[in-house]
Amino acid sequence: MESPLIKKSWNKSTNTLDIVYPNLYYGGVYCLAPIIIYNIVNNLPSWLCNRNFLDKQNITSNLVGFTFQYELDYYNIPKIKTKANSILFAGGPCINQNPETLSKYFDFFLLGESETLLPKILQYYPSKNFLDKIADFKGIYIPGKNKPTKAPLTDLDKIPYPIYQPFPEKINKDFVFGKVFILETERGCPFNCKFCPIHSFYEKVRYRSLKNIKNIIDQGIKINQRDKVVIYSPSFTHPAKKEILQYLIEKNLSFSVPSLKAEIVDKELFSLIKKGNQKTLTLAPECNESLRPSIGKPIKDEIFFQLIDYANELKFESIKLYFMVNIPNQTQNDLDEMIQFIGKCNQRFKNKLYVSINSFVPKPNTVFSDHTFNKKEIEKQLNYIKSKLKIKFKTSPLRIAEKEYQLAHTKNLDLI
Ligand code: SF4
């Protein structure tokens with residue numbers, strides 16, 4: 001049993017929509033997209049919406065929406081049991097980058113944000129020629145019928161917040177963040193990292209106002225009965241980020257923040273994060289200092305060293321550092337400098353340093369979208385690092401990254 005649920009009465013004229021997160025429940029509960037749709041649709045008077053996951057399915061509607069956050073979830077489509085002749089649609093970051101991959105499997109795609117678009121198109125459901133009626137809306141893409149467009153961006157203070165965030169009554173250790181309230185402070189990012197697909201989803205950065213955020217925290221905590229908040233934002237550049245954290249501290253809430261942009265953090269911010277009970281800091285230097293400008297991250301090593309010193313002073317338990325190989329024009333010399341930099345960070349930080357080195361996966365609609373994915377070359381780079389780096393690092397299997405690359409760039413995927 002989950003709580004809190006939006007309680008609705010059902011009668012013969014009620015329409016229903018099933019929303020699907022095509023992967024496991026313990027991860028899917030932390031994804032905001034199904035929660036947003038659950039809240040929007042259940043707030044419409046004659047509609048009911050249920051959430052479904054790969055391992056928690058009960059699809060009864062004839063209208064079913066999927067959200068795709070990861071390309072590899074495409075393989076789970078055949079495992080989702082929908083009714084015959086249902087209308088299926090999909091949205092989410094992967095779909096925004098390349099809807100053509102799944103054009104065989106969905107009747108339409110929702111591109112951009114759903115908050116204003118979904119209620120508008122649902123007015124036409126169920127009606128004869130539903131797809132014809134919605135085809136002219138910006139953000140509705142029907143392969144073979146119209147051209148892809150994006151739903152217009154909205155002022156975040158003018159759209160309702162997904163306040164009801166259901167969690168199971170009892171959770172196990174797989175639910176890694178525990179029972180939390182997800183606080184989305186902003187959409188988009190003001191930085192321009194050339195490898196990042198964020199701008200293909202959100203063309204510009206928008207922030208919720210501090211006043212609105214405080215209201216959301218008050219309501220969200222009361223309705224959901226949570227004592228921990230997860231801040232959901234691509235780079236947490238909110239101009240009032242310190243005030244937001246201060247407010248959470250005053251409310252006695254613990255919280256976690258996403259990976260931090262080294263350029264815009266300082267000791268005061270670290271100290272607030274510490275007060276929110278976060279024990280680990282996450283930073284993404286990505287590569288060595290001299291290569292960073294070429295990927296749109298012109299940041300000096302010195303800044304990372306300074307942040308490590310702050311983390312020492314504030315006694316953080318661990319720091320996670322993220323790096324990439326397969327960066328365009330990354331030479332062996334770059335790898336050597338990266339290895340030296342990691343070594344210096346490790347010497348400088350007094351507690352546990354976790355290092356992740358993964359392959360860059362070029363995504364469509366990014367500056368680096370034409371860069372290749374050569375598994376053999378990437379393997380060589382990783383093996384070289386393994387032979388030189390004195391500390392252990394984590395890396396994800398290359399066959400998975402390769403699949404992700406292929407799926408992101410495929411047209412008309414055949415899953416059977
Ligand atoms: S800071 Fe993060 S979210 Fe922003 S563009 Fe760079 S990688 Fe993307």
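Each of Ser233, Gln219, Val205 was placed along the dipole of segment 199-238 (beta-carbon charges, centred on the mean Cα), and the one lying farthest toward the positive end is Gln219. Each pair of Cα atoms in segment 125-231 enters the Kirkwood radius, and Stokes-Einstein at 37 °C and 0.692 mPa s then converts it into a translational diffusion coefficient of 190 µm²/s. Site pair Tyr384 and Glu268 shows an inter-label distance of 4.3 nm when each label is modelled 7 Å from Cα along Cα→Cβ. Accessible surface area normalised per residue over the chain is 47 Å², counting heavy atoms of protein chains with a 1.4 Å rolling probe. Considering lysine pairs in segment 125-201 that are 8 or more places apart or on different chains, how many have Cα atoms under 14 Å apart? Final tally of qualifying lysine pairs is 4.
Helices in the chain, meaning DSSP H runs of at least 4 residues, each add -39500 (n - 2.57). Divided by all residues, the mean residue ellipticity at 222 nm is -8500 deg cm²/dmol. Placing +1 on the Cβ of every Lys and Arg and -1 on the Cβ of every Asp and Glu, with nothing else charged, gives segment 3-103 a dipole about its Cα centre of roughly 500 debye.
Each residue of segment 206-214 was assigned a 3J(HN,Hα) from its phi angle through the Karplus expression (A = 6.51, B = -1.76, C = 1.60, θ = phi - 60°), giving 9, 10, 6, 6, 4, 4, 5, 4, 4 Hz with x at Gly and Pro.
Dipole size of the chain about its Cα centre, with +1 on Lys/Arg Cβ and -1 on Asp/Glu Cβ: approximately 740 debye, rounded to the nearest 20. For trypsin sites (Lys or Arg not before Pro), the sites in segment 354-416 that DSSP calls loop and that have at most 16 other Cβ atoms within 10 Å are Lys390, Lys392, Lys411. Helix 301-313 axis versus longest C-alpha principal axis of the chain: approximately 90°, rounded to the nearest ten. Taking each residue as 0.36 nm, the span from Asp309 to Leu210 lengthens on full extension beyond its C-alpha to C-alpha distance by 32.6 nm. Cα centroids of segment 306-343 and segment 122-170: 41 Å apart. Estimated from the Cβ-Cβ distance and a Förster radius of 51 angstrom, the FRET efficiency linking Lys194 and Trp10 is about 0.55. Give me the percent of Cα-Cα pairs in the chain that sit more than 40 Å apart, rounded to a whole number. Roughly 19 percent, once rounded to a whole number. Couplings for segment 151-164, taken from phi via the Karplus curve 6.51 cos²θ - 1.76 cosθ + 1.60 with θ = phi - 60°, read 5, x, 6, 10, 6, 4, 6, 9, 10, x, 8, x, 6, 7 Hz in order; Gly and Pro are left as x.
Hey, got a sec? Which chymotrypsin sites (Phe, Trp or Tyr not before Pro) in segment 95-129 land in a DSSP loop and have at most 16 other Cβ atoms within 10 Å? The partial results should precede the final answer.
Details: sites: Tyr105, Phe106, Phe108, Phe109, Tyr124; in loops: Tyr105, Phe106, Tyr124.
Taking segment 95-129 and a limit of 16 other Cβ atoms within 10 Å, the loop chymotrypsin sites (Phe, Trp or Tyr not before Pro) found are Tyr105, Tyr124.
Nonpolar atom fraction for the chain, defined as the carbon and sulfur part of the 1.4 Å probe accessible area, stands at 50 percent.
Computed 3J(HN,Hα) for segment 65-82, one whole-Hz value per residue from the Karplus formula 6.51 cos²θ - 1.76 cosθ + 1.60 where θ = phi - 60°, is x, 10, 10, 10, 9, 10, 4, 5, 5, 4, 5, 8, 3, x, 8, 9, 8, 9, glycine and proline marked x.
The values are calculated or read from the model by the stated rules, or taken from the named source; none is laboratory data. Predicted model only: the values in this text are computed from it and were never measured. Positions of Cβ are generated from backbone atoms using ideal geometry, with glycine treated the same way; all protein chains shown enter the neighbour counts. To get the accessible areas, we keep the full protein, side chains included, count just its heavy atoms, and leave off ligands, DNA and RNA. Shrake-Rupley method; radii C 1.70, N 1.55, O 1.52, S 1.80 Å.
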